[in-house]
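Some notes on the structure that comes next.
The values are calculated or read from the model by the stated rules, or taken from the named source; none is laboratory data. If you're wondering where the values come from, they're calculated on a predicted model, not measured in any experiment. Note that we place each Cβ from the backbone using ideal geometry, even for glycine, and neighbour counts take in every protein chain shown. Each accessible area value is taken on the protein alone, full model and side chains, heavy atoms only, with ligands, DNA and RNA left out. Shrake-Rupley method; radii C 1.70, N 1.55, O 1.52, S 1.80 Å.
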Amino acid sequence: YIKLLDLGDLQNLQNLQQIIDFIISNKEINDSILNCIDHITIKFKDVNCTQDNVIDIFNGLAKLSSYLYSLGQLKRLNNFQRLLYHFGNQSLDIDPVISLSFWSAFIKFDDKISAWDSKLLTLRRMIFVSNAQILKSNHVIGCAIQAIFLNSITPSSKYPHEYETLLLHDLVSSVKIISKCVVKDENCCKSLFKYIENESLIVSILLEVIN
């Protein structure tokens, strides 16, 4: 049935939500459920994000990501990470606030994945997203995404040494991106105090802006 669904049709996408709800109600994994999830993954890859379907897309991805994480299905979860990343991009031009939900979920699950398998890390892609796209469309959202990102990786002592090394460049780049956003739009300052808990980090960012 899933193979036949055209998710370009909003009603079909909403019907898929019912299937997803049924899937995540199963506490024990089996091949049939995994096959259904794999088919859903393929279907989501072919969907174009619109104003009408963006919330349904996010809800479906978020539910399945949480479910896969609870089952320890990291490789499949990584596929949904890519979809959160993809739709975070697509939704920027549709609804920047909703796009922030995609990015927040992307970062949250990436953080969880990293605790289990550092080979699956994808956080570095945040830099390219903010530089290449977000700055052109919405500085406040770009700043918020980087603030959420920085908050998720500090304090860095909770990560293994290899992860700290990996994040070193990202940390500097993210601070620079935030600095650019704040210079372009003073409203971005609100994102720092809303999404970053580390006061020392906020001070460092503001000093970077001054410099």
Handout entry: Among the candidates Arg76, Arg82, residue that is of a type outside the set (Val, Ile, Thr), more than 14 Å from the chain's Cα centre (by Cα) and not in a loop (DSSP other than H, G, I, E, B)
Key = Arg76
Handout entry: Top-ranked residue in segment 22-62 [being more than 21 Å from the chain's Cα centre (by Cα) and acidic (Asp, Glu); ranked as modelled with the highest pLDDT]
Key = Asp31
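Kindly state which helices (runs of 4 or more DSSP H) lie completely within segment 1-72 and contain at least 3 residues that are within 12 Å of Leu83 (Cβ to Cβ), open to solvent by less than 40 Å² (accessible area, probe 1.4 Å) and of a type in the set (Lys, Arg).
On the way: elements: 10-24, 31-45, 54-71.
The helices (runs of 4 or more DSSP H) meeting that bar number zero.
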Completion exercise
Pairing a residue in segment 169-184 that is within 14 Å of Phe149 (Cβ to Cβ) and part of a helix (DSSP H, G or I) with any residue that is at pLDDT below 75 and small (Gly, Ala, Ser), where Cβ atoms lie under 6 Å and the two sit 6 or more apart in sequence or on different chains, gives Ile177/Ser130
Completion exercise
If we keep only residues of segment 152-211 that are at pLDDT below 75, surrounded by fewer than 18 Cβ atoms within 10 Å (Cβ to Cβ) and among the β-branched types (Val, Ile, Thr), then the residue nearest to the chain's Cα centre (by Cα) is Thr154
